[in-house]
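For reference, the structure discussed in these notes is given below.
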Amino acid sequence: MAQSIAHPVISPADAGTPVTPLPLRAVLPWAVFMGTLMLVLLYFVGAEQGATSVFSGAGVHEWVHDGRHLLGFPCH
């Protein structure tokens with residue numbers, strides 16, 4: 001009969017490495033950058049066509065067409 005051996009979970013505190021929190025001043029610029037990037041991507045996937053389009057033609061629409069359907073945006 002085989003016995004199961006439980007491996008102990010070693011946290012950084014148990015290993016002697018102190019865990020220090022990141023200051024908000026270091027995280028905030030990256031959070032703002034990622035939020036802005038996500039809003040720009042959401043615009044291109046969700047609204048870049050028709051009357052609100054920034055670029056003429058259907059090039060952007062064709063590049064994000066499958067993403068539109070995946071996220072539930074109507075485009076036909």
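Just name the residue that is modelled with the highest pLDDT out of those in the stretch 39-61 that are in a helix (DSSP H, G or I) and surrounded by fewer than 12 Cβ atoms within 10 Å (Cβ to Cβ). Before the answer, list the steps.
The initial filter retains those residues of the stretch 39-61 that are in a helix (DSSP H, G or I), namely 39-46, 50-52, 59-61.
Right, trim to surrounded by fewer than 12 Cβ atoms within 10 Å (Cβ to Cβ) and you get 39-40, 50-52, 59.
Working: 39: 91, 40: 87, 50: 66, 51: 68, 52: 68, 59: 75.
By that ranking, first place goes to 39.
I need a count of the residues in the stretch 62-76 that are in a helix (DSSP H, G or I) and over 16 Å from residue 40 (Cβ atoms). Before you say what the answer is, go through the steps one by one.
At the first step, the residues of the stretch 62-76 found to be in a helix (DSSP H, G or I) are 62-63, 65-71.
Then drop every residue that is not over 16 Å from residue 40 (Cβ atoms), which leaves 62, 65-66, 69-70.
Residues meeting the conditions: 5.
Kindly evaluate residue 36 against the criterion of being at pLDDT 80 or above and in a helix (DSSP H, G or I). Spell out the reasoning first.
Values: at pLDDT 80 or above: yes; in a helix (DSSP H, G or I): yes.
Yes; evaluated as a whole, the condition is true for this residue.
The values are calculated or read from the model by the stated rules, or taken from the named source; none is laboratory data. Please read these numbers as outputs of a predicted model, since none were measured by experiment. Every residue, glycine among them, receives a Cβ derived from its backbone with ideal geometry; neighbour counts consider all protein chains shown.
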